[in-house]
Structure formats: structure tokens, C-alpha cells
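Chemist: This is the structure, below, for whatever I ask next.
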Amino acid sequence: MNLTDFISRDAVTINLKSQGKEDVIAELVELLVETSAIDRKHKKKIVEILMAREALGSTAIGQGIAIPHGKYEGAKQLIGCLGISKKGVDFDSLDGEPAHIFFLLIAPADSAGPHLKALARISRLLKDKFIRESLKSAKDEKEMMAIIEQEDARLSAA
């Protein structure tokens with residue numbers, strides 16, 4: 001599974017503006033609305049699902065990374081987006097550090113496999129400090145997606 005299988009080239013931003021957990025999640029979901037990956041009428045419900053998941057335990061895994069995720073019965077396939085916060089956001093991370101890199105995932109309610117494979121793929125990619133720093137310092141969304149595509153190709157060949 002490649003990241004580009006579920007992250008649209010248009011559902012990325014290097015300039016998240018929000019400073020709070022729920023606001024960042026809402027801003028990321030808005031990216032999916034703007035790219036027509038989800039219908040605007042489902043935005044509020046999806047934000048609620050993602051915040052309910054956060055209430056179980058933060059999806060900020062440390063090293064400046066957060067992977068908010070949840071399952072939604074209206075999702076037909078795994079969808080995701082990627083956002084970078086230059087300032088960083090307090091996301092209740094395991095290491096107490098602010099999160100800068102956000103991969104948001106929404107999976108169909110009845111699927112487990114793709115959702116878990118996506119989480120594993122993201123975690124594997126972001127273990128590399130060079131990749132994390134490259135994503136954070138990308139000058140625009142095109143450069144950020146080029147990094148993702150290059151790593152997809154490298155990991156697929158491995």
C-alpha cells in the first residue's frame with residue numbers, strides 16, 4: 001500500500017493555521033471536503049468521531065507526529081490528508097512535544113485491514129528523521145507530495 005493510494009495530491013497543506021487539537025482536526029477534515037473526498041454535510045460528524053477517538057488516547061505518537069484517525073460508516077474507502085503546522089500544536093503527544101506533521105485517516109466502518117496497513121505505512125515512513133524534517137521544511141505542497149511519492153517508490157521497491 002502506498003500513501004498516494006489514499007492521500008489525494010489536493011488534500012495536503014504545508015500551512016495549517018489552527019492551534020488547538022479540535023481546530024486542527026476540523027481544518028484537516030475541511031481539506032477533504034474541499035477535494036470532494038467527503039461531503040460537507042458529514043464534516044461535523046467526522047470531526048466528532050475523530051475527537052471521540054482522541055478522547056480514548058492521543059493519536060500524537062511523538063517526534064512531532066500525529067495521526068488522527070477514525071472509522072465512519074459513510075466512507076466508501078480509506079481516505080486521508082496531510083498537513084504541516086510550522087508552529088506546532090499541543091496534541092497531548094506521548095513525548096510532550098508539539099505535533100507538526102499530521103496524517104488524518106478516515107476508514108469505512110467495516111474495514112480493518114487497509115486502515116491498519118495505512119497506519120503502519122505512515123509510521124514506517126516517519127521513523128526516518130530526514131523524512132520528517134524534509135516534510136516540515138517543504139516549500140510548498142508540490143514539494144511535499146514529491147517527497148511522499150519518492151518514499152512510496154523507495155518503500156515499494158524494498
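The values are calculated or read from the model by the stated rules, or taken from the named source; none is laboratory data. Quantities reported herein were computed from a predicted structural model and do not represent experimental measurements. Please note: Cβ atoms are built from the backbone with ideal geometry, for glycine as well, and neighbour counts cover all protein chains shown.
Chemist: Considering (1) farther than 19 Å from Ile101 by Cβ; (2) among the hydroxyl-bearing types (Ser, Thr, Tyr); (3) within 14 Å of the chain's Cα centre (by Cα), say which one Tyr72 fails and leave the rest.
Modeler: Of the numbered conditions (1) farther than 19 Å from Ile101 by Cβ; (2) among the hydroxyl-bearing types (Ser, Thr, Tyr); (3) within 14 Å of the chain's Cα centre (by Cα), the odd one out for Tyr72 is (3).
Chemist: Let me ask something else. Restricting to segment 147-158, give me the number of residues that are surrounded by 12 or more Cβ atoms within 10 Å (Cβ to Cβ) and in a loop (DSSP other than H, G, I, E, B).
Modeler: The total comes to 0.
Chemist: Can you say whether Ala11 is hydrophobic (A, V, I, L, M, F, W, C) and in contact with a Gly (Cβ under 8 Å, 6 or more places away or on another chain), as far as the supplied structure shows? Break it down stepwise before answering.
Modeler: Values: hydrophobic (A, V, I, L, M, F, W, C): yes; in contact with a Gly (Cβ under 8 Å, 6 or more places away or on another chain): yes.
Judged against the criteria, Ala11 is a match.
Chemist: If you don't mind, there's one more thing I want to ask. What tally of residues in segment 129-146 results from selecting those that are crowded, with 16+ Cβ neighbours inside 10 Å and assigned to a helix (DSSP H, G or I)?
Modeler: From segment 129-146, those crowded, with 16+ Cβ neighbours inside 10 Å are 131-132, 134-136, 138, 141, 144-145; that's our starting set.
Now narrow it down to the ones that are assigned to a helix (DSSP H, G or I): 131-132, 134-136, 141, 144-145.
The number of residues fulfilling the criteria is 8.
Chemist: Can we say Leu126 is modelled with pLDDT under 95, surrounded by 12 or more Cβ atoms within 10 Å (Cβ to Cβ) and in contact with a strand residue (DSSP E or B) (Cβ under 7 Å, 6 or more places away or on another chain)?
Modeler: Against the criterion (modelled with pLDDT under 95, surrounded by 12 or more Cβ atoms within 10 Å (Cβ to Cβ) and in contact with a strand residue (DSSP E or B) (Cβ under 7 Å, 6 or more places away or on another chain)), Leu126 qualifies.
Chemist: Scan segment 55-65 and tell me whether some residue there is touching a strand residue (DSSP E or B) at 6+ places or on another chain (Cβ under 6 Å) and closer than 18 Å to Pro114 by Cα. Working first, answer last.
Modeler: Step one: filter segment 55-65 for residues touching a strand residue (DSSP E or B) at 6+ places or on another chain (Cβ under 6 Å), giving 59-60, 64-65.
Still in the running and closer than 18 Å to Pro114 by Cα: 59.
Within segment 55-65, one or more residues are touching a strand residue (DSSP E or B) at 6+ places or on another chain (Cβ under 6 Å) and closer than 18 Å to Pro114 by Cα.
Chemist: Consider Ser85 against the criteria (1) small (Gly, Ala, Ser); (2) closer than 22 Å to Lys136 by Cβ; (3) touching a His at 6+ places or on another chain (Cβ under 8 Å); (4) surrounded by fewer than 23 Cβ atoms within 10 Å (Cβ to Cβ): it satisfies all of them except one. Which criterion is unmet?
Modeler: So Ser85 meets the others, but not (4).
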